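**Student:** Before we start, here is the structure in question, set down as structure tokens.
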Amino acid sequence: MRFPGLTLVLPGLLGHTSAVGSDAYDFIIVGGGTAGLAVASRISAGLPNLSVLIIEAGPDGRQEPDITIPGRKGSTLGGKYDWNFTTVAQSSANNRVFAQNRGKVLGGSSALNLMTWDRTSIAELDAWETQLGNQGWNWKNLYAAMLKVETFQPSPDYGSEGVGKTGPIKTLINRIFPKQQSTWIPTLNNLGLPTNRESLNGNNVGVFTQPNNINPNYTRSYAPEYLKLAGKNLALKLDTRVTKVNFNGTMATGITLENGTIITARREVILSAGSFQTPGLLELSGIGNATLLQKLGIPVIKNLPSVGENFQDHIRIQNSYQLKPLYPSFDVLKNDPRAAAELALYTAGQVSLYDYAASGYSYFTWSTVSNATEAKFRALVQDDTSLTSAVDKVKKSYYTAPLSKTVPQLEVIFSDGYTGLKGYPPANSSQFGINTFALIGVVQHPLSKGSVHITSRDITAKPEINPNYLSHPYDLQAAVELAKFMRTIATEAPMRDVWTEEYEPGNAVQSDEEWREYALKNILSIYHPIGTAALLPEKDGGVVDAELRVYGTQGLRVVDASVIPLLPSAHLQTLIYGIAERGAEMIVGEYR
């Protein structure tokens, strides 16, 4: 099998090709996900005389309808393309175990995500340089890198600023716009939130119709698009796992595969395995907390206790509403005949509900909820003397003017169709066939931090993931206030006119204690894990320096979401692509 611009190395084989050697490459990228494919393809194009190998643990899913069809978003979660990680029981969240979905497929989590295309605020990325000490990592440089990622299809629903025009990932404003979503922007306007038609330019406060990463032919546009940029100097090895990075002293010399095969890296090994597995590979290779490594019998290359620490994730909570009969929703696809009819339209290239991906988004500060709420949370955060880390200090700064007005603390998404833990009514229920929409609320800067570590030298053993969800009191209180505010949104004109009853949580939830219990039972992850190989000075808990090199090593970098030092007020994929673009610029500049 061959793909344009690259050589495919079949699983379990490293046969020679005319383009690439079998046992040595200049660059080895571990992980063919969002960042891995982007950085590898840019290196391939920028250094055509050097060889590049991508090793991906999963298969190629580019012909998989559940991946490529936008309206089937979410159907792959928990399936064969998912690592299916879970947390340990979370003691501050009713001892619940949370799913931690990650892509095990070419394209990684860019193949599984829900295709949200947004960007964080200017101040949040500038803080990486000015407050966290990462020279060159600022809004200007990352914005330029992010613009290289995308080609936006112009739309009357979006302005001209903040979007790229020449990148491999295609983005657009979805042509499916549910009738009930027409209430979204005016309702938030009535609650004091302005319309923002250029939310990707670093000023993301407001309510808007947002792009999705979808091709003009209405297929998912995701990381494998980057492979079209690659030259014949790039090889791709699928369905293959790496057990460790090999070292000569502190110099990375290559990797060992699960079957014992050793592949040499003449220049660099680049880890792009994601926030759960990059720290695990570092630990398996002898880089991490020496106490843990010695306990597992792993020789210590570099005692770096920050590996696997600083784990942060956005938490979400959702309310759902039953629509009036004249407002059909995406829920109609639960009816098999209707789903078949819509799929036939999609296959014929006509407008179909299978085109749909959520496009109603908003980001705002606590003052939009109320000035009293903002004051309450400002006091809670700023008076907390335990928040002393460099990352925590940045989060505290968001509560001081002018950042308190420009850095969003909250996100609410208008999602057409059911989302929640109660579950859609089963087929034998009298309520089966109802149409719903959900408001999904996301806390942007939770203060709980956790960790991810290996528990064994066996790479088939899943990592121990402990986000410590809700361990800081701010997080639960924030989720409660956000859920209450989403009820306020739903009951504001004109949105209040499209639904008949609150399906979840329902009218039985009224008191503060009832809201608290609802939150404890219904808070979920929105699958944005970051920070476990943080881009920070080593003294502040960093794992990589400003060149993305792992401290105490040579020839080893990390390029993926694990380097993000603190959560942005955005979904992650545009930032991850931008980090990959910036990492590739550094590497190509060094070896050109």
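**Student:** Looking at the structure I just gave you, is LEU132 within 21 Å of VAL559 (Cα to Cα), over 21 Å from the mean Cα position of the chain (by Cα) and outside any loop (DSSP other than H, G, I, E, B)?
**Tutor:** no
**Student:** Scan ALA230, ALA290 and give me the residue that is hydrophobic (A, V, I, L, M, F, W, C) and in contact (Cβ under 8 Å) with a residue 24 or more places away in the chain.
**Tutor:** Going through ALA230, ALA290 in turn, just one is hydrophobic (A, V, I, L, M, F, W, C) and in contact (Cβ under 8 Å) with a residue 24 or more places away in the chain: ALA230.
**Student:** Now, a different point. Restricting attention to helices (runs of 4 or more DSSP H) lying wholly within the range 321-387, give those where 3 or more residues are in contact (Cβ under 8 Å) with a residue 12 or more places away in the chain and open to solvent by 40 Å² or more (accessible area, probe 1.4 Å).
**Tutor:** Because the criterion is at least 3 residues that are in contact (Cβ under 8 Å) with a residue 12 or more places away in the chain and open to solvent by 40 Å² or more (accessible area, probe 1.4 Å), the helices (runs of 4 or more DSSP H) in the range 321-387 that meet it are 371-382.
**Student:** Tally up the residues in the range 206-244 that are touching a Lys or Arg at 6+ places or on another chain (Cβ under 8 Å) and either of a type in the set (Val, Ile, Thr) or under 30 Å from THR264 (Cβ atoms) (or both), please.
**Tutor:** 5
**Student:** Would you be able to say whether some residue in the range 408-420 is at pLDDT 95 or above and farther than 21 Å from ILE523 by Cα?
**Tutor:** no
**Student:** Return the residues of the range 548-559 that are buried (at least 23 other Cβ atoms within 10 Å of the Cβ) and on the phi > 0 side of the Ramachandran plot; say none if nothing qualifies.
**Tutor:** Passing the criteria: only LEU548.
**Student:** Specify the residue that is farthest from TYR518 (Cα to Cα); the eligible residues are those in the range 456-479 that are in contact (Cβ under 8 Å) with a residue 60 or more places away in the chain and among the β-branched types (Val, Ile, Thr).
**Tutor:** ILE459
**Student:** Identify all residues within the range 32-58 that are in a loop (DSSP other than H, G, I, E, B) and closer than 21 Å to PRO463 by Cα; write none if there are none.
**Tutor:** GLY32, GLY33, GLU56, ALA57, GLY58
Per-residue answers, yes or no, for (1) of a type in the set (A, V, I, L, M); (2) more than 29 Å from the chain's Cα centre (by Cα); (3) under 30 Å from PRO529 (Cβ atoms):
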site: PHE311; (1), (2), (3): no, no, yes
site: GLN318; (1), (2), (3): no, no, yes
site: LEU323; (1), (2), (3): yes, yes, no
site: TYR327; (1), (2), (3): no, yes, no
site: ASP331; (1), (2), (3): no, no, yes
site: ARG338; (1), (2), (3): no, yes, no
site: ALA344; (1), (2), (3): yes, yes, no
site: ALA348; (1), (2), (3): yes, yes, no
site: TYR354; (1), (2), (3): no, no, yes
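**Student:** Filter the range 130-170 for residues that are of a type in the set (D, E, K, R) and open to solvent by 50 Å² or more (accessible area, probe 1.4 Å); which is farthest from LEU572 (Cα to Cα)?
**Tutor:** Ranking the qualifying residues of the range 130-170, first place goes to ASP157.
**Student:** Does GLY71 satisfy being without any contact (Cβ under 8 Å) to a residue 24 or more places away in the chain and not acidic (Asp, Glu)?
**Tutor:** When the stated conditions are applied, GLY71 does not pass them.
**Student:** With ALA508, ALA533, ALA479, ALA493 as the choices, which residue is among the hydrophobic types (A, V, I, L, M, F, W, C), at pLDDT 95 or above and in a helix (DSSP H, G or I)?
**Tutor:** ALA479
**Student:** Something else now. Regarding the range 490-508, can at least one residue be identified that is free of Cβ contacts under 8 Å to residues at least 24 places away in the same chain, β-branched (Val, Ile, Thr) and surrounded by fewer than 21 Cβ atoms within 10 Å (Cβ to Cβ)?
**Tutor:** Yes, because at least one residue in the range 490-508 is free of Cβ contacts under 8 Å to residues at least 24 places away in the same chain, β-branched (Val, Ile, Thr) and surrounded by fewer than 21 Cβ atoms within 10 Å (Cβ to Cβ).
**Student:** Would you be able to tell me the number of residues in the range 303-320 that are open to solvent by less than 10 Å² (accessible area, probe 1.4 Å) and either in a strand (DSSP E or B) or over 30 Å from TYR551 (Cα atoms) (or both)?
**Tutor:** Qualifying residue count for the region: 7.
**Student:** Count, please, the residues in the range 184-222 that happen to be assigned to a helix (DSSP H, G or I) and open to solvent by 10 Å² or more (accessible area, probe 1.4 Å).
**Tutor:** 4
**Student:** On the basis of being open to solvent by 10 Å² or more (accessible area, probe 1.4 Å), over 25 Å from the mean Cα position of the chain (by Cα) and not hydrophobic (A, V, I, L, M, F, W, C), does ARG516 make the cut?
**Tutor:** yes
**Student:** Name the one entry in GLY254, GLY249, GLY297 that is free of Cβ contacts under 8 Å to residues at least 12 places away in the same chain, out of contact with any His (no Cβ under 8 Å at 6 or more places or on another chain) and over 23 Å from GLY450 (Cα atoms).
**Tutor:** Residue meeting the stated conditions: GLY249.
**Student:** For the range 304-343, which residues satisfy the criterion of being within 28 Å of ALA99 (Cβ to Cβ) and charged (D, E, K, R)?
**Tutor:** Within the range 304-343, GLU309, ASP313, ARG316, ASP331, LYS334, ASP336, GLU342 qualify.
**Student:** Still on this structure, I have one more. Please count how many residues of the range 235-250 are out of contact with any Leu (no Cβ under 8 Å at 6 or more places or on another chain) and under 19 Å from SER51 (Cβ atoms).
**Tutor:** Of the residues in the range 235-250, 1 are out of contact with any Leu (no Cβ under 8 Å at 6 or more places or on another chain) and under 19 Å from SER51 (Cβ atoms).
**Student:** Continuing with the same structure: Starting from the range 132-144, keep only residues that are farther than 24 Å from LYS165 by Cα and modelled with pLDDT of 95 or more, then list their pairs with residues that are surrounded by 18 or more Cβ atoms within 10 Å (Cβ to Cβ) and among the aromatic types (Phe, Trp, Tyr) whose Cβ atoms are within a distance under 7 Å, requiring at least 6 positions of separation or different chains.
**Tutor:** ASN134/TRP128
**Student:** Right, here's the next one. Can you pull out the residues in the range 536-557 that are within 16 Å of PHE27 (Cα to Cα) and not in a loop (DSSP other than H, G, I, E, B)?
**Tutor:** Of everything in the range 536-557, those that are within 16 Å of PHE27 (Cα to Cα) and not in a loop (DSSP other than H, G, I, E, B) turn out to be ARG549, VAL550, GLN554, LEU556, ARG557.
**Student:** Same structure, new question: Out of curiosity, is ASN428 under 22 Å from PHE276 (Cα atoms), assigned to a loop (DSSP other than H, G, I, E, B) and open to solvent by 10 Å² or more (accessible area, probe 1.4 Å)?
**Tutor:** no
**Student:** Quick one: which residue in ILE489, ILE465, ILE454, ILE434 is among the β-branched types (Val, Ile, Thr), over 20 Å from the mean Cα position of the chain (by Cα) and closer than 30 Å to LYS244 by Cβ?
**Tutor:** ILE454 is the lone residue from the list that is among the β-branched types (Val, Ile, Thr), over 20 Å from the mean Cα position of the chain (by Cα) and closer than 30 Å to LYS244 by Cβ.
**Student:** Next question, about the same structure. Determine whether LEU77 is out of contact with any helix residue (DSSP H, G or I) (no Cβ under 8 Å at 6 or more places or on another chain) and not in a helix (DSSP H, G or I).
**Tutor:** yes
**Student:** Scanning the range 393-402 for residues that are open to solvent by less than 10 Å² (accessible area, probe 1.4 Å) and assigned to a helix (DSSP H, G or I), which turns out farthest from SER75 (Cα to Cα)?
**Tutor:** Filtering first and then ranking leaves VAL394.
**Student:** Go through (1) crowded, with 22+ Cβ neighbours inside 10 Å; (2) out of contact with any strand residue (DSSP E or B) (no Cβ under 9 Å at 6 or more places or on another chain) and name the single condition PHE437 misses.
**Tutor:** Of everything listed in (1) crowded, with 22+ Cβ neighbours inside 10 Å; (2) out of contact with any strand residue (DSSP E or B) (no Cβ under 9 Å at 6 or more places or on another chain), PHE437 misses just condition (2).
The values are calculated or read from the model by the stated rules, or taken from the named source; none is laboratory data. Just so you know, these numbers come straight off a predicted model, no measurement behind them. Positions of Cβ are generated from backbone atoms using ideal geometry, with glycine treated the same way; all protein chains shown enter the neighbour counts. We work out accessible area using only protein heavy atoms, side chains counted, and drop any ligands, DNA or RNA first. Shrake-Rupley method; radii C 1.70, N 1.55, O 1.52, S 1.80 Å.
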